[in-house]
1. Among the residues of segment 239-250, are any in contact (Cβ under 8 Å) with a residue 24 or more places away in the chain, touching a strand residue (DSSP E or B) at 6+ places or on another chain (Cβ under 6 Å) and closer than 29 Å to residue 123 by Cβ?
2. Suppose we keep only residues that are of a type in the set (Phe, Trp, Tyr) and touching a Pro at 6+ places or on another chain (Cβ under 8 Å) within segment 263-300. Which one would you say is most open to solvent (accessible area, probe 1.4 Å)?
3. Got a sec? Which of 220, 197 is under 21 Å from the mean Cα position of the chain (by Cα) and open to solvent by 30 Å² or more (accessible area, probe 1.4 Å)?
4. Looking at (1) in contact with a Cys (Cβ under 9 Å, 6 or more places away or on another chain); (2) at positive phi, which is the one condition that is false for residue 82?
5. How about segment 316-345: which of its residues are part of a strand (DSSP E or B) and farther than 18 Å from residue 371 by Cα?
6. Criterion first (touching a Phe, Trp or Tyr at 6+ places or on another chain (Cβ under 8 Å), open to solvent by 10 Å² or more (accessible area, probe 1.4 Å), on the phi < 0 side of the Ramachandran plot and not basic (Lys, Arg)) does residue 258 satisfy it?
7. Collect the residues in segment 391-409 that are open to solvent by 70 Å² or more (accessible area, probe 1.4 Å) and within 24 Å of residue 377 (Cα to Cα), keeping them in residue-number order.
8. Just checking, which of 158, 135 is closer than 19 Å to residue 205 by Cα, in contact with a strand residue (DSSP E or B) (Cβ under 9 Å, 6 or more places away or on another chain), among the polar types (S, T, N, Q) and touching a residue at least 12 places away in the same chain (Cβ under 8 Å)?
Amino acid sequence: MAASMELSLNNLPSDPLLLMLSFLDFRDLISCSFVSRRLNELSGHNPLWKGLCLKHWLLTESDKIQKVQTWKELFREFYTDLGRYIDHYGTLKKAWDDLKRYLDQQCPRMIASLKEGAKEEELDGIEAQICCKLSNDYRCSYRIHNGQKLVVPGLMGSMALSNHYRSEDLLDIETAAGGFQQRKGMRQCLPLTFCFHTGLSQYMALEGTEGRSHSEIFYHCPDQMAQDPSAIDMFITGSSFTEWFTSYVHNVVTGEYPIIRDQIFRYVHDKQCVATTGDITVSVSTSFLPELSSVHPPHFFFTYRIRIEMAKDALPENACQLDSRYWKITNANGNVEEVRGPGVVGEFPVMTPGKVHEYASCTTFSTTSEYMEGHYTFHRLKNKEEIFDVCIPRFHMVCPPFRESIVRSQGSARDVSSASFNEDNSSDTDDHNEGELRGINMAAPGGRCPRHI
């Protein structure tokens, strides 16, 4: 009687076994194939490997038809070539596909600048050249696309003010290797991006040294108050290549970073930074400019972009003109500065039903965060004596995380007074008066902005 109750794996129906196997990753599925002849047969079931091909390699039915292979054979082919990147490939390939799909609709000329993926032996050669290992996620991304051609605008975002322009290219591996840093303060750092106009680059730390974390991505910023040139502060932009690249792509494809004149602008818009007064809506987006900022001395430069829109269904007699602006600026220490001035960036826009007026301006401050709010004063075109204010929503500007140089943290540069961090140096620069941009050497009109870092 007991013998008749014994269950054998060979006697179990296939469907529940296949269901259980469908929860396994490819490594466990392969292990199961060595347990018994029955599991060996079931572990080769085509739908199991179809799911794994989609998960790890983003392969579709059309890919299989072109290859004329089983799903298991297709998985094996990709694993032979890209197996070391299996933990990264799906995430990075999806990010690249999403970015290209979006740019193909929004600014297709940027896709033409992308290079074909690098070969494995080329990446091995670069490691031998710089005597340093590249992270697997970085290598994986460069197997998909080897950066881009050095063109303007760059893939990694732009920023433009009246006399300052930045556009960052994603460097190919050969160009990046040529800029690999071995000097003190920047040892074992590989440039990821480059801007022709400012000389600005974002770097990735290939080793955890000189106070940096392994794979950390940053803008370097020399400590201008230290006598040692190796005192390099850092504005952190990512903890790993994957996090840095996928978060950037997310901001692009969701429209968080707007496309303006066929360029990606790295403005961040808080959906709460919108205010409507009557028929007029004002919204604000902001962006931090590391190339015009420094940690020592504390000087943080932000640009903000404001959109003023009059509702399409507004009555024609409600047409109006902007006369002046008022700003209330509060820094991290609670110090308040009030600014009043005529117009915006020298203009006095007339608002009619459906019209949109946008402009960009900038502000600097010496604390790590600040917020601004205020109002515009308008008058009706039909009755100049009818004056009214339109609310500008409160918007916050927060400096990205930064890391002080190890030279300073070790105490070899202690000439900075803590009081310098408490100064209130905020300034509203709607008029782009260069004299108001304290602590920054701005470029001459029509010229290039001098490299600040």
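The values are calculated or read from the model by the stated rules, or taken from the named source; none is laboratory data. In this text the structure is predicted, and so the values were computed from the model without any measurement. No Cβ is skipped: glycine too gets one built from the backbone with ideal geometry, and neighbour counts run over all protein chains shown. Ligands, DNA and RNA are stripped out before the accessible areas are found, and what is left, the full protein with its side chains, is counted by its heavy atoms. Shrake-Rupley method; radii C 1.70, N 1.55, O 1.52, S 1.80 Å.
1. Checked against the condition, which is being in contact (Cβ under 8 Å) with a residue 24 or more places away in the chain, touching a strand residue (DSSP E or B) at 6+ places or on another chain (Cβ under 6 Å) and closer than 29 Å to residue 123 by Cβ, segment 239-250 yields at least one hit.
2. 288
3. Answer to the check: 197.
4. Only one criterion in (1) in contact with a Cys (Cβ under 9 Å, 6 or more places away or on another chain); (2) at positive phi is unmet by residue 82, namely (2).
5. Within segment 316-345, 320, 321, 322, 323, 324, 341, 342, 344 meet the criteria.
6. For residue 258, the condition - touching a Phe, Trp or Tyr at 6+ places or on another chain (Cβ under 8 Å), open to solvent by 10 Å² or more (accessible area, probe 1.4 Å), on the phi < 0 side of the Ramachandran plot and not basic (Lys, Arg) - is met.
7. The answer is 394, 396.
8. Testing whether each residue is closer than 19 Å to residue 205 by Cα, in contact with a strand residue (DSSP E or B) (Cβ under 9 Å, 6 or more places away or on another chain), among the polar types (S, T, N, Q) and touching a residue at least 12 places away in the same chain (Cβ under 8 Å) leaves just 135.
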